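The values are calculated or read from the model by the stated rules, or taken from the named source; none is laboratory data. Bear in mind that the values here come from a model prediction, so they are computed numbers and not experimental data. Remember, those area values only see protein heavy atoms, side chains included, never the ligands or the DNA or RNA. Shrake-Rupley method; radii C 1.70, N 1.55, O 1.52, S 1.80 Å.
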Amino acid sequence: DERRILQYQITLYGDDERLVMARDITRLHRLEQMRRDFVANVSHELRTPLTVISGYLETYGDLAEQLPPRLGRGIEQMQAQTTRMQNLVNDLLLLSRLEIDQGGEDHQPIDVAALLKGVREDALALSKGRQTLEIDIASDAKLIGSEQELRSAISNLAFNAVRYTPPDSHITLRWQMEGDGGCIDVEDDGEGIDPVHLPRLTERFYRVDKGRSTATGGTGLGLAIVKHVLLRHDATLSIDSHPGEGALFRCVFPKERLAC
Ligand code: ADP
């Protein structure tokens, strides 16, 4: 017999009455799985041709001086667009892996100070001195999780802070205890985001300002990746921002994820 997937909804009425509704979501579940597999397969298949194109473009780029200027500029454009497509394909592949795999095999205690230091260095390279980046750690701590995934999530937040804030902005990477657990904050004092956008910000390809975001080099998948990585670490993302008052992206980890 085929396994069915049922979703139950229980509504309580007063002390002793309950309404139980069951919905068969087997088909929905299967379709969702097909969508994930399809995206993962397409992304994977696109990688090889993109690598070949990018390899040839690099060779032609080296010969740019011998080419007519219009051709040289064309090759530069093609290189930039190929890199953009490669970033997109890599992010799509990463996102579908995060959705498909259970995760957890590579979990180990990670030193938060070292994690934030690494993220800061990557963000400084992107910022090229336009913003200041500081680390603020209230107490030494270790988080149990995947170093690679957490580094990629916190880097995405820090890269966004660099991309979406004007020069001379301040960005802070912070660790502090929060309730029984702890949180990593990425805070900036840039232009902020209108609160109407906040509930949809972690959706794939959702952007506040489409034109500007494309120019910044993002793929539109950054916050979706952050959300999925945190989900796999039993953590949550909360976003607080107002126009003109900067933005705060807070990753809250439960106490079960802290290692002393
Ligand atoms: P991308 O940056 O590639 O567009 P993300 O999912 O990382 O995709 O971010 C979604 C959108 O959220 C961005 O396009 C931008 O409009 C907004 N955003 C993210 N971080 C910030 C920030 N620190 N300040 C202002 N806007 C931000």
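Worth a mention:
- 0 to 90° range, to nearest 10: angle between helix 147-163 axis and the chain longest Cα axis: 60
- Region 109-153 - convex hull of the alpha-carbon atoms, volume per residue in Å³: 66
- Derived scalar couplings ³J(HN,Hα) [region 90-102; Karplus, 6.51 cos²θ - 1.76 cosθ + 1.60; whole Hz; x for Gly, Pro]: 5, 5, 5, 5, 4, 5, 5, 5, 4, 7, 7, 6, 6
- Taking only protein heavy atoms and a 1.4 Å probe, the accessible area of region 128-257 is 49% carbon and sulfur.
- Region 1-96, accessible area per residue, ligands and nucleic acids excluded (1.4 Å, Å²): 83
- Taking amide H as placed 1.01 Å from N in the peptide plane, the amide H of G182 sits under 5 Å from that of F253, each at least 5 places away or on another chain.
- Computed accessible area, H170, all protein chains, 1.4 angstrom probe, square angstrom: 90
- Counting only protein heavy atoms and using a 1.4 Å probe, the accessible area of K210 comes to about 130 Å².
- Percent carbon-and-sulfur accessible area, region 1-112, ignoring ligands, DNA and RNA, probe 1.4 Å: 53
- Amide H contacts of L258 (H built 1.01 Å from N, under 5 Å, at least 5 apart or other chain): I144
- Region 37-155, Rg to Rh (Cα coordinates; Rh as Kirkwood inverse mean 1/r): 1.10
- Amide H to amide H distances under 5 Å link A235 with no residue, where only residues 5 or more positions off or on other chains count and H is placed in the peptide plane.
- Shown here are the Rg and Dmax of the Cα trace of region 112-260, at 14.5, 45 Å.
- Volume of the convex hull of the chain (Cα atoms only), normalised per residue: 201 Å³.
- Rounded to whole Hz, the Karplus (6.51, -1.76, 1.60) HN-Hα couplings of region 52-69, x for glycine and proline: 5, 4, 5, x, 5, 4, 5, 4, 5, x, 5, 9, 3, 5, 8, 9, x, x
- Square roots of 5 times each gyration tensor eigenvalue, C-alpha, region 204-250, largest first, Å: 21, 16, 7
- Rounded to the nearest Hz, the phi-derived 3J(HN,Hα) couplings of region 7-18 under the Karplus curve 6.51 cos²θ - 1.76 cosθ + 1.60 (θ = phi - 60°) are 10, 9, 10, 10, 10, 8, 10, x, 8, 10, 10, 10, where x marks glycine and proline.
- Once the 1.4 Å probe is applied to the protein heavy atoms, region 110-216 comes out at 49 Å² accessible per residue.
- Euclidean distance between Cα centres, region 151-189 to region 62-104, Å: 26
- When the helices of the chain are scored as -39500 (n - 2.57) per DSSP H run of n ≥ 4 and the total is divided over every residue, the value at 222 nm lands at -15500 deg cm²/dmol.
- Rolling a 1.4 Å probe over the protein heavy atoms leaves V89 with an accessible area of roughly 10 Å².
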